[in-house]
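The values are calculated or read from the model by the stated rules, or taken from the named source; none is laboratory data. None of these values were measured; they are calculated from a predicted model. All Cβ positions, glycine included, derive from the backbone under ideal geometry; neighbour counts span all protein chains shown.
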Amino acid sequence: MKKLFFSFVCVFLTVMSLKAQVYAVAPSKAEYAAQKATGVITFRFGADVLPETVITKSEDFQQNFTTTFDANTYTGTFTMTPNSEMNRLMLGRLLIMCGVEVIEFEGEKLPVYQFSNEQLK
């Protein structure tokens, strides 16, 4: 019986780890449209995205945007310099470099590349 229970636990943990995805949450559609227009875009990250990772990786994009990260709320704020399509697309690259796989937007889970192509342009 113990073997069966431990086997079940191992299978359950394996399945759950396969379903886990590193994610970020975008604001609502209206809020995001306003942010995109102003060039100040925010994402709330999952706990598996470390603040240090976002800050360190964003150093490679200083010519595209500035980054601040609130570790209490896991919210990153990215200010485009200037607000251009290319700089917003670089934000998509940063998300990928930080390990983000999925963006939750309006209740849908979109792969980062799809979110970049549809929303960051």
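Of the residues making up segment 96-111, those that are within 20 Å of GLU31 (Cα to Cα) and touching a strand residue (DSSP E or B) at 6+ places or on another chain (Cβ under 6 Å) are VAL102, ILE103, GLU104, LYS109, LEU110.
Candidates ALA30, ALA20, ALA47, ALA26: the one that is among the hydrophobic types (A, V, I, L, M, F, W, C), modelled with pLDDT under 95 and surrounded by 17 or more Cβ atoms within 10 Å (Cβ to Cβ) is ALA26. Of the helices (runs of 4 or more DSSP H) lying entirely inside segment 43-121, the ones with 2 or more residues being within 22 Å of ALA33 (Cα to Cα) and either among the charged types (D, E, K, R) or free of Cβ contacts under 8 Å to residues at least 60 places away in the same chain (or both) are found at 85-97, 112-115.
Search segment 50-78 for residues being polar (S, T, N, Q) and exposed (fewer than 15 other Cβ atoms within 10 Å of the Cβ), and hand back the single one that is farthest from GLU118 (Cα to Cα). Break it down stepwise before answering.
Going through segment 50-78, the residues polar (S, T, N, Q) turn out to be 53, 56, 58, 62-64, 66-68, 72-73, 75, 77.
Among the residues that remain, those that are also exposed (fewer than 15 other Cβ atoms within 10 Å of the Cβ) are: 56, 62-63, 66, 68, 72-73.
Details: THR56: 26, GLN62: 24, GLN63: 23, THR66: 22, THR68: 24, ASN72: 29, THR73: 26 Å.
If we take residues in segment 50-78 being polar (S, T, N, Q) and exposed (fewer than 15 other Cβ atoms within 10 Å of the Cβ), then ASN72 is farthest from GLU118 (Cα to Cα).
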